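The values are calculated or read from the model by the stated rules, or taken from the named source; none is laboratory data. This one's a predicted model, so the numbers in the text were calculated from it and none came from an experiment. Ideal geometry is used to build each Cβ from the backbone, glycine not excepted, and the neighbour counts take in all protein chains shown.
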Amino acid sequence: MHSQRIFSGFPSTMGDDVQLNTTTLIRHAARTHGEREIVYRSADGGWERYNYAGAYERIKRGANALRKLGVGPATRVGIIDWNSRRHFELYWAIPGIAAVMVQLNLRLGPEDLSYVISDSETSVICVDESLLPLAEAVAPSMPSVTTWIIMTDKPMSQIQTTLPNAHHYEDLIAASSPEIDWPEIDERSAYSACYTTGTTGRPKGVFYSHRAIYLHSYAIAANTGMTLNDCTMLITPMFHGQAWGLPQAATLMANKIILPGRYQAEDTGALTDALIAEGVTITNGAPVIFIPMLHYIRSLEVAPDLSRLRMLSGATEPPLALMRGFEELTGAETVHAYGATETTPLVTMNRYKASVREHLTSEELLDLKRKQGLPVSGVDIRLLDGSDQDVVWDGVTQGEICVRGPWITRSYHNMPAEDAEGRFVDGYWRSGDVGTIDSDGYLKVTDRIKDVIKSGGEWTSSIDMENLLLNHPDVAEAAVVGLPHPKWQERPFVLLVPTSGATITLEDVRTHLSSAFASWQLPEAMELVNEIPRTSVGKFDKKVIRSQHSDVYARASSDT
């Protein structure tokens with residue numbers, strides 16, 4: 001892999017040997033802002049609270065308890081938990097003693113979860129009591145896991161489990177010292193690991209360094225405008241992509257933190273009530289969560305004032321109706337962002353810069369929010385064509401998004417060099433996403449390379465088609481894929497969930513899409529469904545959709 005040559009200049013007088021460690025963030029927050037609240041969901045669905053000082057004492061006890069169990073530098077410790085206070089404590093206790101926190105995705109099937117545990121060589125796993133069935137399902141195939149730690153409010157005598165060598169988290173905490181001499185860790189050491197959840201092949205391991213997440217925390221804080229007066233709610237799962245780095249950024253800025261525990265997209269009332277009651281000003285999530293939250297707010301007699309709220313939205317492009325609805329009803333700002341497991345994940349964030357406010361109308365500004373945003377400082381983006389040549393930034397010409405930076409991965413764990421060869425170019429990570437960058441510098445992801453619809457030698461964006469469909473009043477959800485066509489290589493196919501009680505036809509869909517797509521780009525087939533297949537992280541599973549409907553156009557051709 002190509003690396004840029006590093007030149008040495010005149011020596012500085014700075015403390016460049018002081019290592020950037022995650023422990024620095026929580027230690028400062030507890031020491032200087034110890035009274036600041038952390039609010040968390042209890043097992044019975046209620047809300048309880050403590051503060052940074054109280055959390056830090058438990059973090060130190062937790063680190064000492066782990067050491068007693070043999071956890072030390074480079075030990076991989078897995079977590080199977082929701083967005084809980086114990087999960088938050090382990091975010092600091094594990095890397096604080098130079099071990100590696102392995103984020104175990106609850107949505108992975110037992111086979112993939114077992115693979116992640118095995119590939120990462122995880123030997124200790126902390127599991128919430130409510131998730132014991134998941135742990136017990138993988139334990140027999142995981143002889144490398146020597147120690148299990150059960151996290152619960154119940155005494156150990158009330159816990160029934162088949163897990164071998166099981167310990168009780170709260171008992172361990174109570175028996176450990178609240179004082180610790182934290183080691184200074186080489187900042188290039190891994191503090192955490194997360195595995196991709198793509199729809200093809202095995203999950204791929206990304207190991208994040210202390211240095212990477214430390215610098216990433218500053219980037220998040222700077223680009224959200226985070227201050228000491230903010231309140232952050234962690235909606236994005238803490239078991240994937242370190243909840244987009246928001247736990248560390250919020251701790252860096254000593255925010256009040258809200259940990260919502262376990263929740264479901266179908267029942268976001270309690271989540272929304274807490275967001276309003278606690279005065280949340282920063283949160284993160286996906287449209288699949290924010291849409292039902294907006295519906296719930298619409299049901300309230302009086303809409304709340306959320307004018308300070310910045311909602312970081314990822315996974316899929318937020319619909320215009322969602323962004324307009326929150327802004328008009330509550331004053332909340334939807335901040336479209338872009339990243340991936342491989343990028344820690346922040347790459348771009350969509351906030352208005354002064355120049356676009358000067359030359360765009362209010363409707364044009366709203367439409368601009370559909371783009372993934374401006375590259376954050378510290379990250380370099382290139383758009384490469386099929387010959388790995390840079391394409392022009394004109395907002396039209398498409399290229400593969402390639403990224404380089406201090407918090408962007410340079411390799412995958414245990415991946416042979418020959419397999420990794422096509423995933424990097426000149427030190428840049430290939431995202432597999434196709435996009436454009438306009439003259440103002442805003443990135444727009446137009447599709448996945450594997451999902452872009454190739455028809456008659458031209459490309460059509462399935463994402464743009466999906467987002468336009470979501471603006472139709474009778475459409476609740478829509479997924480678009482390219483299916484094999486005997487004449488045109490591929491043609492778009494629509495899988496659509498209508499809104500409750502609505503009736504919609506293929507002709508309705510074609511008419512609606514014709515405002516932005518040429519006649520040759522319009523779908524010739526559609527199917528109405530109650531639910532669209534999704535991946536473990538909530539994205540449309542287009543691999544499954546293509547497989548289930550692969551012969552649609554072939555059948556249509558034979559019928560004629």
| note | Counting only residues in the stretch 341-363 that are more than 28 Å from the chain's Cα centre (by Cα) and assigned to a loop (DSSP other than H, G, I, E, B), the one surrounded by the most Cβ atoms within 10 Å (Cβ to Cβ) is identified as L360
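Per-residue answers, yes or no, for (1) among the aliphatic types (A, V, I, L, M); (2) surrounded by fewer than 22 Cβ atoms within 10 Å (Cβ to Cβ):
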position	(1), (2)
A277	yes, yes
F290	no, no
L300	yes, yes
D305	no, yes
L309	yes, no
T316	no, yes
L322	yes, yes
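For the stretch 110-149, name all the residues that are among the hydrophobic types (A, V, I, L, M, F, W, C) and part of a helix (DSSP H, G or I). Break it down stepwise before answering.
Residues of the stretch 110-149 that are among the hydrophobic types (A, V, I, L, M, F, W, C), as a first pass: 113, 116-117, 124-127, 131-132, 134-135, 137-139, 142, 145, 148-149.
L113, V116, I117, L131, L132, L134, A135, A137, V138, A139 - these are the residues of the stretch 110-149 that are among the hydrophobic types (A, V, I, L, M, F, W, C) and part of a helix (DSSP H, G or I).
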| Cβ-Cβ below 7 Å, separation at least six or inter-chain, first residue in the stretch 73-91 and closer than 24 Å to E187 by Cβ, second among the acidic types (D, E): which pairs? | R76/E121; H87/D81
| remark: Of the candidates T268, T236, T224, T251, the one satisfying the condition of being more than 25 Å from S120 (Cβ to Cβ), in contact with a helix residue (DSSP H, G or I) (Cβ under 7 Å, 6 or more places away or on another chain) and surrounded by 17 or more Cβ atoms within 10 Å (Cβ to Cβ) is T268
| query | When the residues of the stretch 501-516 are filtered to those that are exposed (fewer than 11 other Cβ atoms within 10 Å of the Cβ) and touching a residue at least 24 places away in the same chain (Cβ under 8 Å), which remaining residue is nearest to V475 (Cα to Cα)? | reply | T503
| query | Just one of the numbered conditions (1) part of a loop (DSSP other than H, G, I, E, B); (2) over 18 Å from the mean Cα position of the chain (by Cα); (3) among the polar types (S, T, N, Q) is not true of S157; which one? | reply | (1)
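Here's a check for you: in the stretch 25-38, which residue that is in contact with a strand residue (DSSP E or B) (Cβ under 7 Å, 6 or more places away or on another chain) and either among the small types (G, A, S) or closer than 14 Å to D230 by Cα (or both) is surrounded by the most Cβ atoms within 10 Å (Cβ to Cβ)?
Here is the first cut: in the stretch 25-38, the ones in contact with a strand residue (DSSP E or B) (Cβ under 7 Å, 6 or more places away or on another chain) are 34-38.
When the remaining residues are screened for being either among the small types (G, A, S) or closer than 14 Å to D230 by Cα (or both), the result is 34, 36-38.
Details: G34: 15, R36: 19, E37: 16, I38: 22.
Checked the stretch 25-38; the qualifying residue surrounded by the most Cβ atoms within 10 Å (Cβ to Cβ) is I38.
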| query | Residues in the stretch 1-50 that are under 30 Å from S130 (Cβ atoms) and among the hydrophobic types (A, V, I, L, M, F, W, C): how many? | reply | 8
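State whether one or more residues within the stretch 198-205 are under 30 Å from D17 (Cα atoms) and either of a type outside the set (K, R) or surrounded by 17 or more Cβ atoms within 10 Å (Cβ to Cβ) (or both). Break it down stepwise before answering.
First pass over the stretch 198-205, keeping only residues under 30 Å from D17 (Cα atoms): 205.
Next cut, either of a type outside the set (K, R) or surrounded by 17 or more Cβ atoms within 10 Å (Cβ to Cβ) (or both) only: 205.
Checked the stretch 198-205: at least one residue is under 30 Å from D17 (Cα atoms) and either of a type outside the set (K, R) or surrounded by 17 or more Cβ atoms within 10 Å (Cβ to Cβ) (or both).
Of the residues S141, S118, only one is in contact (Cβ under 8 Å) with a residue 12 or more places away in the chain, polar (S, T, N, Q), within 28 Å of A212 (Cβ to Cβ) and surrounded by fewer than 22 Cβ atoms within 10 Å (Cβ to Cβ); which? Walk me through how you get there before you give the answer.
On the way: S141 fails: within 28 Å of A212 (Cβ to Cβ).
Just one listed residue meets the conditions, S118.
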| If you scan the stretch 388-408, which residues turn out to be surrounded by fewer than 22 Cβ atoms within 10 Å (Cβ to Cβ) and either assigned by TED's automatic domain parsing to the domain that holds I220 or in contact (Cβ under 8 Å) with a residue 60 or more places away in the chain (or both)? | Q398, P406
| Pairs, first under 16 Å from G427 (Cβ atoms) in the stretch 1-19, second surrounded by 10 or more Cβ atoms within 10 Å (Cβ to Cβ) and modelled with pLDDT under 95, C-beta under 6 Å, six or more apart | M1/F424; H2/D426; H2/G427; S3/G427
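To keep it simple, each residue is scored yes or no on (1) in contact (Cβ under 8 Å) with a residue 40 or more places away in the chain; (2) over 23 Å from A502 (Cβ atoms); (3) part of a strand (DSSP E or B).
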| residue | (1), (2), (3) |
| --- | --- |
| V445 | yes, yes, yes |
| M465 | yes, no, no |
| L468 | yes, no, no |
| P473 | no, no, no |
| A479 | yes, no, yes |
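Results for (1) at pLDDT 95 or above; (2) under 22 Å from A219 (Cα atoms), shown as yes or no for each residue.
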residue: A249; (1), (2): yes, yes
residue: M253; (1), (2): yes, yes
residue: G279; (1), (2): yes, no
residue: P287; (1), (2): no, no
residue: M293; (1), (2): yes, no
residue: R298; (1), (2): yes, no
residue: P319; (1), (2): no, no
residue: T334; (1), (2): yes, yes
residue: T344; (1), (2): yes, yes
| remark: Counted residues in the stretch 416-437 being exposed (fewer than 14 other Cβ atoms within 10 Å of the Cβ) and either among the charged types (D, E, K, R) or not in a helix (DSSP H, G or I) (or both) come to 5
| request: Test each condition in (1) in a loop (DSSP other than H, G, I, E, B); (2) closer than 17 Å to G70 by Cα; (3) not aliphatic (A, V, I, L, M) for R107 and report the one that comes out false. | output: (2)
